1. Treat every Asp and Glu Cβ in the chain as -1 and every Lys and Arg Cβ as +1, leave all other atoms uncharged, and give the resulting dipole magnitude about the Cα centre to the nearest 20 debye.
2. Which of Gln9, Gly36, Tyr22 sits closest to the plus end of the dipole of the chain, meaning its Cα is farthest towards the positive end, when Lys and Arg get +1 and Asp and Glu get -1 on the C-beta?
Amino acid sequence: MSNKPFVYQEPFPLKKDDTEYYLLSSDYVSVAEFAGQEVLKS
């Protein structure tokens with residue numbers, strides 16, 4: 001076993017995402033409504 005002490009870390013730390021995204025294609029993807037919310041449909 002390791003001698004290092006346990007240090008808790010958030011599994012998925014949430015922070016501001018500065019990634020720039022752009023649309024590659026809208027082929028084969030649409031939006032549908034489910035339970036009052038819009039969801040992606042392929």
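What follows is calculated from the coordinates using simple rules that are stated; it is not laboratory data. Model, not experiment: these values are computed from the prediction. Neighbour counts are summed over all protein chains in view; Cβ atoms, including those assigned to glycine, are modelled from backbone coordinates with ideal geometry.
1. Around 320 debye, computed over the chain.
2. Gln9
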